[in-house]
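The values are calculated or read from the model by the stated rules, or taken from the named source; none is laboratory data. Computed from a predicted structure; not experimentally measured. Backbone-built Cβ (ideal geometry, glycine too); neighbour counts: all protein chains shown. For accessibility, only protein heavy atoms count, side chains too; no ligands or nucleic acids. Shrake-Rupley method; radii C 1.70, N 1.55, O 1.52, S 1.80 Å.
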Amino acid sequence: MWPRLEARPERSRVMVYLTPLVAAGLTAVAGLILFAALGHDPVRALTIFFISPLTTSFGLTELIVKATPLVLCALGLSVGFRGNVWNIGAEGQLILGAIFAGGVALAVGDAEAPWLLPVMVCAGIVGGMLWAAIPALLRTRFNANEILVSLMLSYVASLLLGYLVHGPWRDPDGFNFPETALFGESALLPALVEGTRLHAGALFALVAVGVVWVLLMHSFIGFQVKVMGMAPRAGGYAGFSQARVVWLGLLCGGALSGLAGMVEVAGPIGQLHPQISPGYGFTAIIVAFLGRLHPLGILVAGLFMALTYLGGDTLQIEMGLPRAMTGVFQGMILFFLLASDVLIHHRIRFGSGPARSRASTRTGGA
Amino acid sequence: MTAPGVPRLELRGICKSFPGVLVNDRVDLAVMPGESHALLGENGAGKSTLMKIVNGVLAADSGEVLWDGRPVRVTSPAEARRLGIGMVFQHFALFESLTVAENVALGLDAAESLDHLSERIRAVSDGYGLAVAPDRHVHELSVGERQRVEIVRCLLGDPRLIILDEPTSVLTPREALALFDVLRRLRGEGRSILYISHKLDEIRVLCDRASVLRGGRLVATVDPGQETARSLARMMIGTDVPDLTQRRAAAGVETAPLLVVENLDVDRDDPHGTDLRDVSLAVRPGEILGIAGVAGNGQNALMRVLSGERLVARADAVRIAGTPAGHLRPRARRDLGLAVVPEERLGQGAVPDLSLAENALLSAYRHGGLVRRGLVHRRQTHGFASRVIHAFNVIARSSDSAAGSLSGGNLQKFIIGREILQAPRVLVAAHPTWGVDAGSAAAIHQALVDLRDRGAAVLVISQDLDELYTLSDRIAVIAGGRLSESQPTHAVTAEDVGLLMGGLFDSEGGAGTAVRAESAPARMGPSKGGPADVA
């Protein structure tokens, strides 16, 4: 007899934490099939994708560099997602954070200024929050769908950045390339390990994990967010404010995405140009779900997703496969995660016999 | 066509389990031709599941179904209809934006022209005195009319066995009597009727035999005419029905009321809602005011206005402990001493996926030290939840159990306990015992009476007249968004209340005596909300 799905009496807590691993495993299997179908040695390709980047210290530091913006954005998004506030615009908020922080850095130029980095951090956070405030305002005042508004604003942000670096902010000595001048020394985050790109931004991400953990797991406002996400009518009955949860969700997303933007331009990049983010803000959505909207889970998931960026690069260099492999693997991860989440509320059962083993525990509850 | 003495429907050893629960345990049942047979049991006894097996919606794990003495396998509702089994569900499956005929057409197995179908609907409805106009839209129909549509739809298939699942739960007493006339006629034609209910009075009036289910097992098959309501209840529950303690003398009328609603007008905020018009009420300390009414007559809007989920422009329209509160949000009203037991247990009164501790926090967050400097105090929260669990005998593994894993009665005890342990001065409770087993219902009633005796003002909105008669010091009736004057409970009869439920506020004595409700079926249950009647 075919295996069939049977509803669980209660959702399985084990599966909540197990399904991300199931999804990763299924992605690996699908990857093997994919590489084989493309005519490559599947084991070698998969090793290059997932293992090689972790074997060098350069790879490990790069992993953290890539994971930093992912974790920051995903942490911010998770606050909203828990409250059913669907901020899909972390990418735009990241770009605005980069523009604000970059604007400050460019205004100061090469002058020696120890206060510059803290100001840039604040500017980045404010920039991201302002961009996220637009969907929050439209949602709370006019009930406009925040998914659409925040998503579309991402493209507006991208165009705004393009305008700035092609126009007013273009480096006059830059041979007409669409990029700003390099930031001064005071505007760059210090390196954590000399000779690598690993910079102090990674510490911001760690601090943010702690802050969001307290907010979501121990604060009363975090509880309100959770209730609003799970049962809005219960939230209304308890007297929690939907508008407050919408604002909190979007502003947290905006602040941390904006911070991620600042970290990118003041860290590994050091200037503004049109490609400051390879879609970190969008990938962060996958990171948030893969990490189960839990701060520690997001930390792990962020490192894992960063690996797909590195793996894509390595694959391109070693086997000449297109970089789109990164997107393919990210898509497969999300796809398998959503699919295997069915196991949280269901279990697979073989044969036709019903569950009788626990039948005697409660007979009157039907 | 069948030899006499052969049951029309016979069930032998039916077993059915859902994950973790044995819902039907070796149930035997026989329904004779021309018999009206009651299936009696508390919520959760396995009645609905058994009927879904007969109707082909669910498959039994083991056991036999015999139709006219021959074993059959009913694999789908269509197969059941082909055999001659028709079912009228408790929750109607009608599309509001379609006409009666269009709705009926959707349920047919074979295509048929609407004109021809309308003709048949008219013929059937005239034949049985079920006034149903095939060209009317369903949203225009009252609940009783909608039920008639469902019955006509069922009769069009010329069934020889008609199953009705708690048909009177949505009807006024008068509508229920009209339904009984129709059922008696159908029985007279030799059709069998399987009547699912937990209302003892109406079964004693209507049915020839009654099978009692308890905890999934068949306890007894009896002649309900030979039994008393009390003896049937004992079979259903397994123990004697607990008596509520003696009612105190009515509260002093001279004390100032703690909850006042004055000339409240509220427009509906969704198209299927009800406008409230000129609603006034007052509840004094040490008093329970009961509001009776069929669901959908404005109870929902009234609850939202009282709890603060919906604000009203005129602050003075709602006063809690003397303070104008119409403009206050739920939190501020709780600070004035208000506690609320909402209409729906899961999703409103409690979040199913959260633990009992977190659900305690849901409404008790202002209570001593659960939240400090914006952080949730974990130990205090679990402590409070444990106190609720112990004080109200909630059967749960611990304060870590998810609210959704509790049975309806236990969760309701938890919600009521959570509100009462906050020592409210005013408690507003909607349908406090709907879908709750008799033991829990008695405990909940006792808790409400105790709270009243400690001097709180209690407002109970319910469709269950028995409940309101047991609890209330005064009773008012809500119908069409208007609220009748309240009267002392001993001064109103069930018939009066029944008429008021039909909206006959202005009728004088004549109407009051026109309908005598026999040994009246007085209990009503809400038509929506609450957990499903299946594991």
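Listed values, structure above:
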read-out	value
Other-chain or far-sequence residues with amide H under 5 Å of A:Leu321's (modelled H)	A:Gln316
Base-10 log of normalised Debye intensity for segment B:9-237 (one unit scatterer per alpha-carbon) at q = 0.07, 0.12 Å⁻¹	-0.22, -0.65
Protein-only accessible surface order, largest first, of A:Phe304, A:Phe35, B:Phe95, A:Phe350 at 1.4 Å	A:Phe350, B:Phe95, A:Phe304, A:Phe35
Sequence-distant residues sharing a close amide H with A:Ser219 (under 5 Å, placed H)	B:Val376
Rounded to whole Hz, the Karplus (6.51, -1.76, 1.60) HN-Hα couplings of segment A:155-169, x for glycine and proline	6, 4, 4, 4, 5, 4, 4, x, 4, 4, 7, 7, x, x, 9
Segment B:423-489: trypsin sites (Lys or Arg not before Pro) falling in loop per DSSP and having at most 13 other Cβ within 10 Å	B:Arg454
Placed amide H near B:Ala295: partners under 5 Å, 5+ positions off or other chain	B:Ser527
Sequence of A:Trp115, A:Trp169 when ordered by accessible area, the most exposed leading, probe 1.4 angstrom	A:Trp115, A:Trp169
Surrounding net charge for B:Leu66, when Lys and Arg each add one and Asp and Glu each subtract one, Cβ distance under 10 Å	0
Rounded Å value of the spacing that divides the Cα centres of segment B:369-395 and segment A:144-218	44 Å
Translational diffusion of chain A, µm² s⁻¹ [Kirkwood Rh, Cα pairs; Stokes-Einstein; 10 °C; 1.306 mPa s]	72 µm²/s
Accessible area of B:Glu119 in the full protein assembly, 1.4 Å probe (Å², nearest 10)	110 Å²
GluC sites (Glu not before Pro) restricted to segment B:128-216 and DSSP loop, no more than 16 other C-beta within 10 Å	B:Glu189
Derived scalar couplings ³J(HN,Hα) [segment B:86-92; Karplus, 6.51 cos²θ - 1.76 cosθ + 1.60; whole Hz; x for Gly, Pro]	x, 10, 10, 7, 5, 9, 6
Evaluated over segment A:53-204, the Cα radius of gyration and Dmax, each in Å	17.3, 52
Heavy-atom accessible area order for B:Ser197, A:Ser186, B:Ser398, largest first, 1.4 Å probe	B:Ser398, A:Ser186, B:Ser197
Relative frequency of Cα-Cα separations exceeding 39 Å in chain B, percent	29 percent
√(5λ) per eigenvalue of the Cα gyration tensor, segment B:120-243, largest first, Å	31, 16, 12
Cβ-derived FRET efficiency at R0 35 Å, B:Ser142 paired with B:Ala59, nearest 0.05	0.45
Efficiency of FRET between B:Leu66 and A:Asn84 - r from beta-carbon atoms, R0 60 angstrom, step 0.05	0.75
Whole-angstrom gap from segment A:249-292 to segment B:101-141, using each part's C-alpha centre	61 Å
CD proxy at 222 nm, helix term only [per DSSP H run n ≥ 4: -39500 (n - 2.57); per residue of chain B; nearest 500]	-9500 deg cm²/dmol
Cα shape, segment A:252-354, gyration tensor, a/c 1.5 rule	oblate
Choice from A:Pro53, A:Pro178, A:Pro268 with maximal GNM fluctuation in chain A (Cα, 10 Å cutoff)	A:Pro178
Pair A:Thr47, B:Arg379: separation of 7 Å Cα→Cβ label points (nm)	5.5 nm
Whole-number D in µm²/s for the protein assembly as shown (Stokes-Einstein; Kirkwood sum over Cα pairs; 20 °C, 1.002 mPa s)	68 µm²/s
Tail beyond 15 Å, pair distance distribution of segment B:349-422 (Cα, percent)	44 percent
Backbone HN-Hα couplings from phi across segment A:214-221 [Karplus 6.51/-1.76/1.60, Hz, Gly and Pro as x]	5, 4, 7, 9, 10, 8, 6, 5
Simple label model, 7 Å out from Cα along Cβ direction - B:Arg331 to A:Leu54, nm	4.5 nm
